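Data block below; observations after.
The values are calculated or read from the model by the stated rules, or taken from the named source; none is laboratory data. Just so it is clear, the model here is predicted, and its values are computed rather than measured. Neighbour counts run over all protein chains shown; Cβ positions are idealised from the backbone, glycine included. Surface areas here come from the heavy atoms of the whole protein model, side chains and all, with no ligands, DNA or RNA. Shrake-Rupley method; radii C 1.70, N 1.55, O 1.52, S 1.80 Å.
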Amino acid sequence: MAFVGSGSATPDQSLSNDQLSLRVDTNDSWIRSRTGICSRRIIGSDESITDLAGRACLKALKMANWDPESVDLILLATSTPDDLFGSAPQVQAKLGASNAVAFDLTAACSGFLFALVTAAQFLQNGSFKRALVVGADQLSRWVNWDDRRSCVLFGDGAGAIALEVSSSKNDGLIGFHLKSDGQRGGCLNLPKIQDNLPLVDGITYQQGGFSTIQMNGQEVYKFAVREVPSILENLLESNKISPESLDWLLLHQANQRILDAVADRFAIPYEKVLSNLSNYGNTSAATIPLMLDEAVQDGRIKPGHLIATSGFGAGLSWGAALMRWQGPA
Ligand code: COA
């Protein structure tokens, strides 16, 4: 299986730290020093997450030189679909990928990594030949814009990767580990609103609706700096790969301090740690493919490069994968 294309899309509207400080009691220097974020993109009135996911997929299709009708699978990692029944079929329709089965997968900020590994199984077991994996999130819809402890972190975006079976015996997905811990789920979640209403004859029902993002920042920070190095270390060891042989460390873009802490733990030089947090903040399931596409486009990631990636977030969920980028044929 090979990674042969990438694409990404972000909304036009940009919201700087200074602008955000007009809304909540915060400031540019606090946000920069604690997170590394300078601005984030926000979907405006004329766009949707399905649009962004579709644009990212189109670019990945173009790089891979694929006919949309040759795609077998579209996996959309998102926690913020336009339709709770799933938005992937609308992405499929936008692309004209009429032969692809399309469905959503939800695992918050780990969603792209979980979807990538899931799609790879279909290719590795011979069920499908071509897949698009897209991570897209619009957390701006679910942030409490008056909660300065969380609203400064998030933004909207989408990124996609094209995967296909290959004749090479060296699989592009070298290895992966995935983890979940629902016991700790309460430190980062977006729970339903408990709204019991009478239906008829004493029968009640729960009206649909969700609250806003609930986050214990310090607990999530501790979780990330403990679990991400640990899962990466296990993955590297089980695949007999040394940190020095990595070309890139591509972590979920949550906080620059988390990226630096993981790099320090493995003595990986900061030049090898991909980061675009300053421009986009945390775009949840989109961060990894958005960053990957940027580095492919500007020539930093080259064919044959070895990348260690790790996603982590609500659930709690986390994972890591080792991948070799191939690029288009
Ligand atoms: N602007 C200014 N001050 C702020 C602020 C903001 N946006 N947010 C919090 N503060 C204040 C707090 O009120 C607190 O003040 P106090 O000491 O007077 O009470 C002080 O800054 C320190 O707050 P604290 O929450 O301890 O900050 P922190 O160093 O832990 O940084 C986060 C907060 C959210 C940046 C950090 O905990 C973090 O990044 N956690 C991980 C979150 C994450 O990545 N979530 C997504 C995972 S997928």
**Prompt:** Expressed as a whole percentage, what fraction of the accessible surface of the chain belongs to carbon and sulfur atoms when a 1.4 Å probe is rolled over the protein heavy atoms?
**Reply:** 49
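Given the Cα-Cα distance of Asp264 and Asp25 and 0.36 nm per residue of separation, how much length would full extension add, in nm? Each step should come with its number before you reach the end.
Working: separation 239, 0.36 × 239 = 86.04 nm, distance 3.22 nm.
Length difference between fully extended and current span is 82.8 nm.
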**Request:** Starting from the stretch 34-107, pick out the chymotrypsin sites (Phe, Trp or Tyr not before Pro) whose DSSP state is loop and whose Cβ has at most 13 other Cβ atoms within 10 Å.
**Result:** Phe85
**Message:** I need the fraction of alpha carbon pairs in the stretch 52-99 separated by more than 11 Å, rounded to a whole percent.
**Reply:** 66
**Request:** Bin all alpha-carbon pair distances of the stretch 1-42 at 10 Å intervals from 0 and give each bin's fraction as a whole percent.
**Result:** 25, 38, 18, 14, 5
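Using only the heavy atoms of the protein chains and a 1.4 Å probe, how would Thr50, Thr106 rank by accessible area, largest first? Could you put the intermediate results ahead of the total?
Values: Thr50 10, Thr106 105 Å².
If we order Thr50, Thr106 from most to least accessible, we get Thr106, Thr50.
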**Prompt:** Under a 1.4 Å probe, what is the accessible area of the stretch 59-215 per residue, stated in Å²?
**Reply:** 49
**Request:** Tell me the Kirkwood hydrodynamic radius of the chain in angstroms, computed as one over the mean inverse distance between distinct C-alpha pairs.
**Result:** 19.9
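Filter Lys129/Lys272; Lys94/Lys192; Lys62/Lys94 down to the pairs with a C-alpha to C-alpha distance above 24 Å, please. Spell out each step's value before the answer.
Working: Lys129/Lys272 32 Å; Lys94/Lys192 30 Å; Lys62/Lys94 14 Å.
Violating the 24 Å Cα-Cα cut-off are Lys129/Lys272; Lys94/Lys192.
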**Prompt:** In whole angstrom, how long is each semi-axis of the equivalent ellipsoid of the stretch 2-164, when you take the square root of 5 times every eigenvalue of its Cα gyration tensor and sort them from largest down?
**Reply:** 32, 15, 14
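Let me check something: with ligands and nucleic acids excluded, how do His252, His177 order by accessible area (1.4 Å probe), largest to smallest? Write down the numbers at each step before the final one.
On the way: His252 0, His177 60 Å².
From most exposed to least exposed: His177, His252.
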